Every structure is written in structure tokens, then in C-alpha cells.
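Notes follow once the structure below has been shown.
The values are calculated or read from the model by the stated rules, or taken from the named source; none is laboratory data. As the structure is a prediction and not an experimental result, all values here were calculated from the model. Here Cβ is always computed from backbone atoms with ideal geometry, including for glycine, and neighbour counts include all displayed protein chains. Just so you know, the surface numbers come from the protein's heavy atoms only, side chains and all, with ligands and any DNA or RNA stripped out. Shrake-Rupley method; radii C 1.70, N 1.55, O 1.52, S 1.80 Å.
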Amino acid sequence: MKLEEYVVFTNKKTDAQQLDPTNIPNHVAIIMDGNGRWAKKRLMPRIAGHKAGMENVKTITKTASRMGVKVLTLYAFSTENWKRPNDEVNFLMQLPVDFFDTFMPELIAENVRVKVMGNIQELPEKTQKAANNAMADTADNTGMILNFALNYGSRDEIQQAVKQIAKDAVNGTIEVDAIGDALISDYLMTGFLGEYADPELLIRTSGEERISNFLLWQIAYSELVFVDEFWPDFTPAVFERSIGAYQKRNRRFGGLK
Ligand code: V07
């Protein structure tokens, strides 16, 4: 029996069909974990896992864009990742270059706008250039924002925001009494996202159930979905299942429903 016949026969719906198109999260953030373990399972070097992970970024970017997601934030490199072996860090720093060399035409065709947040100035020159070129070349695109967190750490981000807020209070740009949720949001690296700064959904792959210094302020009310698949195995069907899990949950914000 073909899938379509099975669907009619059982009256069950596939992952994709079950989704409510009016309740797609605007902002989805993903911790793309498990690339090294994916490679190890196949007796391959860790960098092969990172390469496969990068290919999957392309697939999931297209899926999210077509579903109607407005912002997709991907944790590509944390401030902790510098502790990895030199060879691995060097390989990782080449990935943004390869990503845009091979994916730029499709990003333009999909009308996707690329942004990169994190301490970019600490990255190798070639990595910075790739990121800056991609942002410039897609600046006029009006579709989904593909937002890479690169050399990003949320405590770092909060520290930088607090310092800037303090400076602006001292120099009179802002009133101390104006410091509240909205102002703090504006000073964080996601401030440019405006009403979409906070993800409605955070996904982490590969069975780990931690936040690991990612978007600490922004996920205050996010639904957290943890899936067992390693990032290279996080297919569009698994993505759809994750959105389905999001749609099933009641979002209360600590107040009345
Ligand atoms: C990286 C692949 C995905 C899994 C996580 C680890 C390895 C895409 C990028 C990227 C980053 C910035 C940018 C364009 C592409 C990337 C790193 C690692 C460091 F502007 N994937 N990917 N960057 N991996």
C-alpha cells in the first residue's frame, strides 16, 4: 500500500498533515547537537559529522522557510567550543565559508536573509568575511531570517548588554527607570529581531536535555523539545514532529489560559 492510500485507509495523518498551519512558531531555535557521535557511530572522524551537520542545515533551512517560520536561530559554535582540538576548530571555522560557497544561490532563491550573532570579531578573517558577505548579499531578502549563533554564549551576551545599559545610563542616553524587559531585550544580540526576539520553540537534538548557555533570557517562556536523533539525522519529518509536539502543549505564561 502506498502512503497516500494508507492515510485514507487508517484515517491517520502523517506528521506533516497533522500540523496546524495557523500555529507555526514564528521563531524556532535549535541546538544542533550530536554531530561527533553521529560520525563515531559510523567509524568516521568527528569532522565528517560536522560536514554532514552543515548539509543538514541547508535541508532544515528550506523546510523551516517553507513551513512559514519567520526566524530560525541555529547554535553553530559556542564560546566553549574553542576548547576542542585545534584541527577540529580549524575545520569548523571553514564551514561558514563552505556553506555560503555552496548554498548562496538557494538562499537567494528562497528569499532567506542571513544574520550572524556572537563575538564575530574573534573569528578568523576568512570566517568573518564569509559571514559579512552572506549578510550583505541577502540584506534585501524579505523572507525567513536564518540567524546563526557563532562564537555565542548567553552569559557573555548578558554581560555585554548590562555594560552597555550601564554606560548609556551614565551618559544620559537612557533613564534608569526605563530599564525593564523591553529595554533589556533590545540590548541583547537578538534585539534586532524586535517582536520575534524570543523563540516560541527551542529544540535540542541528540538526547541531551540542557540549555548550555544558549539564549538564557530569550527562552523564559519557550516550549522546550528534546529529540533523540543526532543533528545529521534530524530530518524534515523529525522537525515536523517537533513542531507537532509544540502545537500540542498549552502555553500559559504563568497567568490565566
Ligand atoms: C557548523 C554544522 C552544523 C552542526 C553544528 C556544528 C558544525 C553552518 C555554519 C554556518 C555558520 C555561520 C554562517 C554560515 C554557516 C556552521 C560552524 C559549524 C562553526 F554564517 N554549519 N556550521 N558554522 N556546523
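Note on the chain: the C-alpha convex hull projects to 17.1 nm² when averaged across all orientations. If you wrap the range 37-84 in the convex hull of its Cα atoms and look at it from every side, the mean projected area works out to 4.2 nm². Working from the Cα coordinates of the range 122-257, the gyration tensor eigenvalues give, after taking √(5λ), semi-axes of 29, 23, 15 Å in decreasing order. Two numbers describe the Cα atoms of the range 58-111: Rg and Dmax, which are 13.8, 38 Å. These residues, 198, 186, go from largest to smallest accessible area, 1.4 Å probe, as 186, 198. When restricted to Cα atoms, the range 151-202 yields an Rg and a Dmax of 11.8, 37 Å, respectively.
Relative to the globular-protein estimate of 2.2 N^0.38 Å, the Cα radius of gyration of the range 51-167 stands at 1.09. Hydrophobic, long helices, defined as DSSP H runs whose alpha-carbon span along the helix axis is 30 Å or greater and whose mean Kyte-Doolittle value is at least -0.5, occur in the chain at 86-109.
Starting from the range 173-257, pick out the GluC sites (Glu not before Pro) whose DSSP state is loop and whose Cβ has at most 11 other Cβ atoms within 10 Å.
On the way: sites: 175, 195, 200, 208, 209, 223, 229, 240; in loops: 175, 200, 208, 209, 229.
When the GluC sites (Glu not before Pro) of the range 173-257 are filtered for loop state and at most 11 Cβ neighbours within 10 Å, 175, 209 remain.
Both the radius of gyration and Dmax for the range 19-103 are 14.6, 46 Å, in that order, over alpha-carbon atoms.
Subtracting the Cα-Cα distance of residue 86 and residue 228 from their residue separation scaled by 0.36 nm leaves 48.3 nm.
Take the residue pairs 62/115; 70/115; 41/129; 126/167 and return only those whose Cα atoms are more than 23 Å apart.
Details: 62/115 16 Å; 70/115 13 Å; 41/129 34 Å; 126/167 32 Å.
Correct reply: 41/129; 126/167.
Remark: the residue 186-residue 18 segment gains 56.9 nm on full extension, using 0.36 nm per residue and subtracting the alpha carbon distance.
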